[in-house]
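Worksheet: one structure, shown below.
The values are calculated or read from the model by the stated rules, or taken from the named source; none is laboratory data. Because the structure is predicted, anything quoted here is derived from the model rather than measured. Cβ: placed from backbone, ideal geometry, glycine included. Neighbour counts: every protein chain shown.
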Amino acid sequence: MGMKELLAELPIDGRRVVQFGFAGPSVEKDVVSAMRKGGELLVLVNREELRAKVEAFLQGTVPSFKVLYSPVIEHNPGLAPSNFDVALFLNALISVRGKRELLNEAYRLLKHGAGAIVYECYWPTSIALRRALRKALTERPVFKVKKMNVGLAALEAVLEKT
């Protein structure tokens, strides 16, 4: 699986999307092309230098986007609950200590029946990191895991808010 296949599983066309993190221009191009009909994209990043980078990349691509910097993307009390159709985790779970808290925050922000895509690259391979990510998604799960692939270089999953 890759990002294009994940986006085919959970279309984001014309929807309100909250994105946690940034996985680089190639993945972001897939996200932008998947939003052909428009929609709204809110990107939350936890590194200040990423904010300008993501804003510059998105300029002129998605009609309605906003990039917010927060040192702790696991907690966004200023965002209304049940306000988004899809959540994207793009190398976000790797970059936070509170993996469960970040999943809980996405759950809070999503509407009932909404979905989430997880795309976490961990090259060079780290067995401990793979285990931590799998554990965050499957042990006392916040979301129902519809599909998950834990490979040597990445974890990819499609989740559903039940």
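Would the stretch 119-135 turn up any residue that is buried (at least 22 other Cβ atoms within 10 Å of the Cβ) and within 12 Å of the chain's Cα centre (by Cα)? Yes, because at least one residue in the stretch 119-135 is buried (at least 22 other Cβ atoms within 10 Å of the Cβ) and within 12 Å of the chain's Cα centre (by Cα).
Against the list (1) surrounded by 16 or more Cβ atoms within 10 Å (Cβ to Cβ); (2) out of contact with any helix residue (DSSP H, G or I) (no Cβ under 8 Å at 6 or more places or on another chain); (3) more than 23 Å from residue 144 (Cβ to Cβ), the condition residue 43 fails is (2). Every condition in (1) of a type outside the set (D, E, K, R); (2) under 13 Å from the mean Cα position of the chain (by Cα); (3) closer than 25 Å to residue 97 by Cβ; (4) not in a helix (DSSP H, G or I) is met by residue 41 except one, and the failing one is (3).
Scanning the stretch 46-90 for residues that are touching a residue at least 40 places away in the same chain (Cβ under 8 Å) and part of a strand (DSSP E or B) returns 84, 85, 86, 87, 88, 89, 90. When residue 26 is tested against (1) crowded, with 21+ Cβ neighbours inside 10 Å; (2) polar (S, T, N, Q); (3) assigned to a helix (DSSP H, G or I), only condition (1) is not met.
Selection of first residues in the stretch 1-16 that are assigned to a helix (DSSP H, G or I) and of second residues that are surrounded by 13 or more Cβ atoms within 10 Å (Cβ to Cβ), restricted to Cβ pairs under 6 Å at least 6 apart or on distinct chains, gives the following pairs, ordered by first then second residue: 3/27; 3/30; 3/119; 4/30; 6/117; 6/156; 7/34; 9/158.
To keep it simple, each residue is scored yes or no on (1) modelled with pLDDT of 90 or more; (2) of a type in the set (Ser, Thr, Tyr).
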{"residue": "54", "(1), (2)": "yes, no"}
{"residue": "65", "(1), (2)": "yes, no"}
{"residue": "75", "(1), (2)": "yes, no"}
{"residue": "82", "(1), (2)": "yes, yes"}
{"residue": "86", "(1), (2)": "yes, no"}
{"residue": "95", "(1), (2)": "no, yes"}
{"residue": "98", "(1), (2)": "yes, no"}
{"residue": "107", "(1), (2)": "yes, yes"}
{"residue": "124", "(1), (2)": "no, no"}
